[in-house]
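The values are calculated or read from the model by the stated rules, or taken from the named source; none is laboratory data. Only a predicted model underlies this, so the values are computations on that prediction, with no experimental measurement involved. Here the Cβ positions follow ideal geometry from the backbone for every residue, glycine too, while neighbour counts run over all protein chains shown. Surface accessibility is based on the protein's heavy atoms, side chains included, excluding ligands, DNA and RNA. Shrake-Rupley method; radii C 1.70, N 1.55, O 1.52, S 1.80 Å.
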Amino acid sequence: MTADAERARPSVTLCILCFNQEQHVGAALDAALRQTGDPIEIIVSDDGSSDDTLAVARAVAARYRGPHSVIVRQTPRNLGTLHHLFDVAELATGALLVVAAGDDMSLPERAETLARTWQRAPSSAVFSAYQIIDDNGVVIDPHHRFDDSWLPLHDYFPGRDLVSIHGASSAYQRDRLLALPRPATRVLFEDTWLTLILTLLGQTIAYVDQPLVSYRQHDGSATNYGTRSRVLKSDVIAADQQNYRRAAFYRDAVQSFRDQVVASGHAGTVAMTIVDRDLAFYDAQAAWSSLRWRAKLAATMRARQPWMRQWAAVRLLSPGVRATIARGQQFVRTGPAR
């Protein structure tokens, strides 16, 4: 069947990529099984979890009696998000590959809405608005679009528009995804890498301004310490450690993109000086806890964007001082504890 014929009535695979998400993967699969429209292929793929994610998914699939086909499988080893996505794309049969995370829930009309959008205006990737839910599934924000205005990626392609993909609400034309170059390194922030590579190759990224995913914001996240009743030094340290890990993941995605730019001979189309300057900052972010104060100050002064300077300047203060400041801010907002 030709690509044009497939788009006339596109076949869809909805894949749930999961890793150590036993608490939520059952709800994620239940939501996928409630997809409306034509029958679809559903693949739950576990990236080598150490908990019961795989067993929970298998139990839910075993109980299902309905029109959709369901595959539950596990990678032979942990691949990281981007290579996990490529691995599932090789297995899938749908022309459109809809991606879901193991702790989020696809709304019932998600697959058919994305397929209809892709059918009307073919694109390499499409993503949507989403609703934000808390750890218990309570809606916090009913209609949210991923805000990419602060991201430095826009500066990497002078004179060109860039639309940043939100991975948890994304879908991809499978044959175009499989045609992309595979990075030699692990990439966990697959949406950052795919945004950069697709933009580099001049491929189209579309957006649907309709919430199609319940995107889970975990109450236990270390970055949410500002909402706790009493902020401790240990809370600040835990949040910092998560920040450093995320910085490393982001650096890895941008570094992999840079490597691809050089290897493909596209360096003349990308602002490489800006990319390199940002990579130096991400290196400093990832290693922040081991840097001397002078190195931290130097990284702060060299930071290219306001958010980078703010991030670094705040962390020139010790965790204890920042915890004290956070408690003072809570006191101003809420008054003394009763």
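Against the chain, whose longest principal axis is taken from its Cα atoms, helix 293-302 shows a tilt of about 60°. Could you tally the net charge around Thr300, taking each other residue with its Cβ under 9 Å from the Cβ of Thr300, Lys/Arg +1 and Asp/Glu -1? Neighbour charge sum, excluding Thr300 itself: +4.
Please find the FRET efficiency linking Ala62 to Gln119, where r is the Cβ-Cβ separation and R0 is fixed at 56 Å, and quote it to the nearest 0.05. With R0 = 56 Å, the Cβ-Cβ based efficiency is 0.95. Phi-derived couplings, Karplus 6.51 cos²θ - 1.76 cosθ + 1.60 at θ = phi - 60°, listed residue by residue for the stretch 269-280: 9, 10, 6, 5, 4, 5, 4, 5, 5, 5, 4, 4 Hz, with x used for Gly and Pro. For Ser170, the amide hydrogen comes within under 5 Å of the amide hydrogens of Val99, counting only partners 5 or more places away or on other chains and with H modelled in the peptide plane. Helical content alone sets the calculated 222 nm signal of the chain at -13500 deg cm²/dmol, taking -39,500 (n - 2.57) per DSSP H segment of four or more residues and averaging over every residue.
Taking amide H atoms as placed 1.01 Å from N in the peptide plane, the amide H of Ile42 lies under 5 Å from those of Leu14, Ser69, Val70, Ile71, each 5 or more residues away in sequence or on another chain. For the chain, give me the percentage of DSSP beta bridges that are antiparallel, rounded to the nearest 5 percent. Antiparallel bridges: around 30 percent, rounded to the nearest 5.
Scoring 162-169, 272-279 by mean Cβ neighbours within 10 Å over their residues and listing the highest first yields 162-169, 272-279. In terms of packing, defined here as the mean over residues of other Cβ atoms within 10 angstrom, the peptides 286-294, 72-80 line up highest first as 72-80, 286-294.
Once you sort the root eigenvalues of the Cα gyration tensor of the stretch 63-210 as a ≥ b ≥ c, which label holds: rounded (a/c under 1.5), prolate (a/b larger than b/c) or oblate (the other case)?
Working: a/c = 1.44, a/b = 1.16, b/c = 1.24.
Judged from the Cα gyration tensor, the stretch 63-210 comes out rounded (a/c under 1.5).
For the stretch 72-187, the share of accessible area belonging to carbon and sulfur comes to 51 percent (1.4 Å probe, ligands and nucleic acids excluded).
Taking θ as phi - 60° and the Karplus parameters 6.51, -1.76 and 1.60, the scalar couplings of the stretch 145-162 work out to 10, 3, 8, 9, 5, 8, 5, x, 4, 4, 7, 7, 10, x, x, 10, 7, 10 Hz in sequence order, x denoting glycine and proline.
Rounded, prolate or oblate: which one fits the stretch 168-211, using the alpha carbon gyration tensor with axes a ≥ b ≥ c (rounded when a/c is under 1.5, else prolate when a/b beats b/c, else oblate)? Note, shape of the stretch 168-211 comes out prolate. Phi-derived couplings, Karplus 6.51 cos²θ - 1.76 cosθ + 1.60 at θ = phi - 60°, listed residue by residue for the stretch 76-85: x, 8, 5, 9, x, 4, 5, 5, 4, 4 Hz, with x used for Gly and Pro. Rolling a 1.4 Å probe over the heavy atoms of the protein chains gives the chain an accessible area of 47 Å² per residue.
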